[in-house]
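The values are calculated or read from the model by the stated rules, or taken from the named source; none is laboratory data. Not measured: the values here are computed from a predicted model. Here the Cβ is made from the backbone with ideal geometry for all residues, glycine too, and neighbour counts use every protein chain on show. The area values use the complete protein model at the heavy-atom level, side chains included, leaving out ligands, DNA and RNA. Shrake-Rupley method; radii C 1.70, N 1.55, O 1.52, S 1.80 Å.
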Amino acid sequence: MRVVLVHVRDPQFYAIPEERRGKNGRLQVMGFPPIGIMVLSAVLKREGHEVVLFDQADPDTPNDVIVAEVLRLKPDLAGLSFLSTTSYPYAKILARALRAADGGLKIALGGVFATLNAERIKKQVPEVDFVCRGDGEQLILDLLAHLDDPSGVPGVTWQQADGTVRHNPDRPLDRNLDQWPFPDRESLDLDFVESMPLDVPVVLSRERFTTMQTSRGCPWPCIFCDIPIFNEGKWRSRSAAHVVAELKRLQEDGYGAVYFVDDHFLLKPQRIAEICRGIEEEGITIQWGCEGRVDSSCMELFPAMAKAHCRTLMFGVETGSQKILDRLKKEQTLAETETAVAAAKKAGIEIVHGFFVVGSPDETEEDLRETFRFASRLPLDTFAFNRLCVYRGTPLWQEYLARGLVTDEADWYKYFKCSAIDPTVLPGERIHAIRSAELKRLIIFKFLHYPVQAMRLMGRLARSMPVRDILWMLVKPFFGTSNGQTKAEALSRAVEHGEMKTAAENLTQVPDEELSRLVPAPSAGK
Ligand code: B12
């Protein structure tokens, strides 16, 4: 059978504004590859199906091109994959455009947001035939075999002929992840390169870049995260041998940098030790990055990871206030953060990154300032201070429902910064003002107290950015402006594409009836 798979992105994550082609003639796209559809493609191809992939990061395949291609290819199924609340409006627009163009096309949606909101999506977007929940590998094979009657396919939400929406039982979590082939990285005519080092710094290399997923899930109960719900609170992993075999293949294919998109890569020490050993034995030199919790028991393996070319380690530090850590149910201590960051640096991991959130419930101005003081005490190389947001499905959403701050009926598809709806969060403008002031202080502090580390980072940035641009980027906050972006910034993603990001967030607030007016009406008879 023939399947078209599309990775839907919001425009803030669209590639590079100017066209750039590598030596091999392929368009270079800055960002993470869409491994969700790449995995599904590999599985489908192994079973003999024909697959065509589209990634909306490709400026050559906007919606109208995808619609025209689908009309030409006449697939048995069009699968749209998207990650988050912010890309849902774009997935709706594309689904409706496809349905308007071909009333008989079967359309499926999948991904984390779709999984957690399946029934609501099916009712809001009747143009979509199947909303697919959870892991997609076996599901898509089963669905293809039962397109006309998916009643026996676990994990699918669909509509019977009498109009009843059916939410088939969940698919049991599959622990055998080694059974699936490596992602199909060949079917998109794109080369992914890392984002400029201003958003997620990843491994800071200009090598051919890709991502891998070696485990799924995280069992901790942080109130802002929906991953435990998506994975039923479980953590599952591929074996070390399977991971090493994929890295080996990637090296043979010319990749030089890999980021593991695992929710918590650092969970199992023995597996990490085996991966590091395998990397050494196979002579793999790919530089890689990963993220995990600061209370990981893998800390004693940081030296082995550094030796196995782990270049970047990202920790969810969140805040410098124990009170807020506890409020977020992060179940970690400030002391654990200090120990982990110091251990990673001592082990020789080049880039140790701290993810922080600002604008949490019950956070005072003093807590916020303490977060920046804490960040300055940590020997972190890079950091990001993002605003806390609430997503449907998380424990924080449940709390907001109970407190009457949101309703499932009206708000389920909206993207909210907590400060916009929770009176126990500091006002958005205050958070912004304090963050800007403290960030300046932090940059000066880093240069004065960690000059060698700061200069090393500058050196790494200089590999991909002109020195003039680096300097301008550093002094810009002191002029109180985010304007005058450098060329490098223009090429990078979210941080610099502030306006697009806001536009994507705002689009989630547009009532669906209004959004539907943006696409042609569905064709009659469906
Ligand atoms: C890597 C990543 C990113 C990358 C982007 C990767 C990309 N290709 O575009 C970056 C860093 C850019 C990013 C950005 C953002 N992200 Co992000 N990201 C992730 C992360 C860590 C991994 C995603 C991944 O690659 N998974 C691996 C692949 C194999 O899995 P998958 O895509 O889910 O696909 C599987 C199934 O879902 C299913 N499936 C998927 N599609 C389909 C389609 C069909 C038809 C079928 C049958 C099945 C199916 O089959 C696949 C195989 O099993 C997830 C956490 C997670 N575990 O999912 C967060 C996550 C998706 N991100 C999240 C968020 C919030 C964002 C941002 C909004 C952050 C921000 N404020 O800017 C942006 C929005 C990006 C966007 N365009 O939508 C949230 C979403 C929560 C929500 N309800 O909205 C998550 C869940 C993190 C979290 N803990 O809350 N992200």
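If we keep just the residues of the stretch 355-387 that are closer than 22 Å to residue 339 by Cβ and open to solvent by less than 10 Å² (accessible area, probe 1.4 Å), which is modelled with the lowest pLDDT? Filtering first and then ranking leaves 380. Among the residues of the stretch 148-160, count how many are within 12 Å of the ligand (Cβ to nearest atom) and either touching a residue at least 40 places away in the same chain (Cβ under 8 Å) or out of contact with any Lys or Arg (no Cβ under 7 Å at 6 or more places or on another chain) (or both). Count: 3.
Restricting 138, 124 to those that are open to solvent by 30 Å² or more (accessible area, probe 1.4 Å), within 12 Å of the ligand (Cβ to nearest atom) and of a type outside the set (Phe, Trp, Tyr) reduces the list to 138. Taking the stretch 251-271 as the range and being in contact with a Lys or Arg (Cβ under 6 Å, 6 or more places away or on another chain) and assigned to a helix (DSSP H, G or I) as the test, no residue passes.
With respect to the stated conditions, residue 265 fails to be of a type outside the set (Ser, Thr, Tyr), farther than 30 Å from residue 158 by Cα and modelled with pLDDT under 90.
If you go through the stretch 35-67, how many residues are part of a helix (DSSP H, G or I), touching a residue at least 60 places away in the same chain (Cβ under 8 Å), open to solvent by less than 20 Å² (accessible area, probe 1.4 Å) and within 13 Å of the ligand (Cβ to nearest atom)? Write out each step before concluding.
Of the stretch 35-67, the ones part of a helix (DSSP H, G or I) are 35-46, 63-67.
Checking which are touching a residue at least 60 places away in the same chain (Cβ under 8 Å) leaves us with 35-36, 38-46, 66.
Next, only the ones that are open to solvent by less than 20 Å² (accessible area, probe 1.4 Å) stay: 38, 41-44, 66.
Within this subset, residues satisfying the condition of being within 13 Å of the ligand (Cβ to nearest atom) are 38, 41-44.
Matching residues across the stretch 35-67 total 5.
Scanning the stretch 90-111 for residues that are modelled with pLDDT of 95 or more and among the aromatic types (Phe, Trp, Tyr) turns up nothing.
Looking for something assigned to a strand (DSSP E or B), under 26 Å from residue 335 (Cβ atoms) and either within 11 Å of the ligand (Cβ to nearest atom) or open to solvent by less than 40 Å² (accessible area, probe 1.4 Å) (or both) - is there at least one such residue anywhere in the stretch 272-290? Even if it seems obvious, please write down each step before you answer.
The initial filter retains those residues of the stretch 272-290 that are assigned to a strand (DSSP E or B), namely 287-290.
Among the residues that remain, those that are also under 26 Å from residue 335 (Cβ atoms) are: 289-290.
Then keep just the ones that are either within 11 Å of the ligand (Cβ to nearest atom) or open to solvent by less than 40 Å² (accessible area, probe 1.4 Å) (or both); that gives 289-290.
Among the residues of the stretch 272-290, at least one is assigned to a strand (DSSP E or B), under 26 Å from residue 335 (Cβ atoms) and either within 11 Å of the ligand (Cβ to nearest atom) or open to solvent by less than 40 Å² (accessible area, probe 1.4 Å) (or both), which makes the answer yes.
Within the stretch 104-121, being of a type in the set (A, V, I, L, M), within 23 Å of the chain's Cα centre (by Cα) and either more than 9 Å from the ligand (Cβ to nearest atom) or more than 16 Å from residue 6 (Cα to Cα) (or both) holds for 116, 118, 121.
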